[in-house]
Amino acid sequence: MRLRRLLPATCLLFPHAGVSAQAAGPADAVYVNARIWTGDSLMPSAEALAVRDGRIVRIGRDAAVRALADGSTRVVDLGGRRVVPGFIDAHWHLPTAARADLVDAGSVPEIVRRLQAWAARLPAGAWVVGRGWTPTDFPGNAPHKRFLDAAFPDRPVLITDRDGHQALANSVALRRANVTAATKDPVQGVIERGAGGEPTGLLKESASGLVSRLVPPPTAADVARRVDDESRAAAALGITMVHEASRRVPSGAVFDALAAAARADTLRLRWYVSVPFDPGATRAQLARYVQLRDAYRGPWLRYGIAKGMLDGTVDAQTAAMLEPYANTDATGLPFWSASVLKRGVARYDSAGLQVELHAIGDKAVRMALDAYAHARRVNGTRDSRHRVEHVEVPHPSDLPRFKALGVIASTQAIFATPDVTTLTNYAPLLGPKRAALSNNFRQFDDAGAVQAFGSDYPVFPMDVMRGIYTAVTRLTPEGTPRGGWYPAGRITVEAALRHYTRDAAYAAFMEQEVGTLRAGMLADFVVLSDDLLAVPPAELLRVRVERTVVGGREVYVRTGPQE
């Protein structure tokens, strides 16, 4: 079904019966007998909603909404189920290459087993690639090429860690890339070395590109298929929009696949796609990004945000810190100087482009905020909505600056999962004082910052309910550790819902279109199996998505046993 002409986003308010926007005439569909959390402070709850031409035309009491149904209207009785606005993943990546899944492998033997099973499906001699390992999968938290060499003595292997900031290559891969003891560290990268400067196979940040450039890229057909497959998977989890944060240049297979799907009106999700942030971008590049923003302003595909990488990760010890990591003199790896960053942000800001900077360590977060403050001084105050992505370890003194500067904290709820990597590598590297404040979502709410939730998929699963569970409990899915990991950072279910809906929409300048349920808004909503606002926090993970609607289209309906 193609999306038909959209209605204006204006609406009239009738809180006692229903809220309507050009409600004359029958609705295409009405969803009745529901418990709707609207996210709209003017009418926080409702019983039913009506959809026409992809938008909500009435929301409110059941009888008022049913009045818009005639013989041609589809009437859906939701049986009292909870309805919420469509979930928005504010930090998401499209994986384009097929790779062995190493998530939760837990040990070198399991990594090798999965890689061998993957390799058996490939042509002889083809590259063996995988993603998802963590330092704790290796003895002493020290990945080394010898663990891969024994299993793959004649075949190139390159495996990327869960965060995507480290890669481990075997000896064959290093030889093909001509990475030796004499190879210098690239800009913004580190080649880990052993005795005599011999590479260990561990390549951090940009150093992984020395080897990954040799891995054959996916075909255009592969990419188009991945767009569709990943969209289906997201829809099944109630996700109706993603902020794609991969900072690809606006050309090539991904750009073409999204543009073609937008033209054909076949996208299942709304996409807000980033372009690269480069402090040295030319005027022509900035003009191209502005042109792209202005050309793609439809409800399904938009541009206008520029993504930059300011530091690395804590697990790789490349996140830029104000004080050294525990038991070391290392303070991480800022990718630009403060002066270069400030000039670059000011140039993008003056072009009217939103900037999102990956900044995990407290030094990087401060640098990002300083750059945004500089842009405001140089260009004047405007509704720029610049963002800091991840913000895992902010310094407490910088928290009020988010609200003061109008900067969005783009955080990932699931990052607070206290798994073995968090407890035995991440937290020890930070030390207890910084670990207590890391991935603490309450501190942003208390500071009055706009906080948009995402997953950083495929770094972590894009399962929104798992994200909400983690933000609310600070436990693993198995319920550990007892009492939660630094429980002072917990937030409420309703706060988490706001961050996955209204706040994530605001972070994309789309709060007048999506993120709340009111008349005139695009009809993006999710029907849940259980009332997540009523179940005990420990039971949030049993809540399932029953139905996902995007622009009035049912892009996912759950089949099978209804729990």
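Taken together, the values in this text are just the output of simple stated rules run on the coordinates, not laboratory data. Keep in mind it's a predicted model, so treat the numbers as computed, not measured. Ideal geometry is used to build each Cβ from the backbone, glycine not excepted, and the neighbour counts take in all protein chains shown.
Here are the numbers:
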{"read-out": "Approximate spin-label separation Val340-Asp154, in nm, with each point projected 7 Å along Cα-to-Cβ", "value": "4.4 nm"}
{"read-out": "From phi via Karplus (6.51, -1.76, 1.60), per-residue ³J(HN,Hα) for the stretch 172-187 in Hz, x at Gly/Pro", "value": "4, 5, 5, 5, 4, 8, 6, 8, 10, 4, 7, 6, 7, 4, x, 4"}
{"read-out": "Hydrodynamic radius by Kirkwood, which averages 1/r over all alpha carbon pairs of the stretch 493-563, in angstrom", "value": "13.4 Å"}
{"read-out": "Relative pair counts by distance (%), Cα atoms of the stretch 247-350, 5 Å bins", "value": "2, 11, 18, 16, 13, 12, 11, 8, 5, 2, 1, 0"}
{"read-out": "With Cα atoms, 0 to 90° folded angle of helix 283-295 axis to the chain main axis", "value": "30 degrees"}
{"read-out": "Integer Hz, Karplus 6.51/-1.76/1.60 couplings in order for the stretch 114-130, x for Gly and Pro", "value": "5, 5, 5, 5, 5, 4, 5, 8, 9, x, 4, x, 5, 4, 9, 10, x"}
{"read-out": "Residue order, fewest to most beta carbons within 10 Å, for Trp300, Trp133", "value": "Trp300, Trp133"}
{"read-out": "Mean projected area in nm² (Cα convex hull; one quarter of hull surface) for the stretch 220-506", "value": "14.8 nm²"}
{"read-out": "DSSP-loop trypsin sites (Lys or Arg not before Pro) across the stretch 469-544, with at most 13 other Cβ within 10 angstrom", "value": "Arg482"}
{"read-out": "Simple Cβ-charge dipole of the stretch 86-156, Lys/Arg +1 and Asp/Glu -1, about Cα centre, in debye nearest 20", "value": "220 debye"}
{"read-out": "Exposure proxy order (Cβ contacts within 10 Å, fewest to most) of His386, His91, His395", "value": "His395, His386, His91"}
{"read-out": "Residue among Tyr457, Ile414, Pro396 farthest towards the positive dipole end of the stretch 220-506, charges placed on Cβ", "value": "Pro396"}
{"read-out": "Approximate spin-label separation Thr381-Glu494, in nm, with each point projected 7 Å along Cα-to-Cβ", "value": "3.0 nm"}
{"read-out": "Among (1) 40, 26, 24; (2) 68, 39, 21; (3) 65, 32, 26, the entry that matches semi-axes √(5λ) of the Cα gyration tensor in Å as calculated here", "value": "(1)"}
{"read-out": "Neighbour-count ranking [beta-carbon atoms within 10 angstrom, fewest first] of Phe255, Phe415", "value": "Phe255, Phe415"}
{"read-out": "Within the stretch 332-350, backbone nitrogen closer than 11 Å to the virtual label 7 Å beyond the Cα of Val187 toward Cβ", "value": "336-337"}
{"read-out": "Residue-count net charge about Val459 - beta-carbon cut-off 10 Å; Lys, Arg +1, Asp, Glu -1", "value": "-1"}
{"read-out": "Base-10 log of normalised Debye intensity for the stretch 100-212 (one unit scatterer per alpha-carbon) at q = 0.10, 0.12, 0.18 Å⁻¹", "value": "-0.25, -0.36, -0.83"}
{"read-out": "Charge dipole magnitude, Cβ of K and R +1, D and E -1 - the chain, Cα centre, debye nearest 20", "value": "1160 debye"}
{"read-out": "Ile491 long-range amide H proximity, modeled H, under 5 Å", "value": "Val472"}
{"read-out": "Folded to 0 to 90 degrees: helix 464-473 orientation relative to the chain principal axis, Cα", "value": "80 degrees"}
{"read-out": "Point-charge dipole on Cβ atoms (K/R +1, D/E -1) for the stretch 220-506, about Cα centre, debye to 20", "value": "860 debye"}
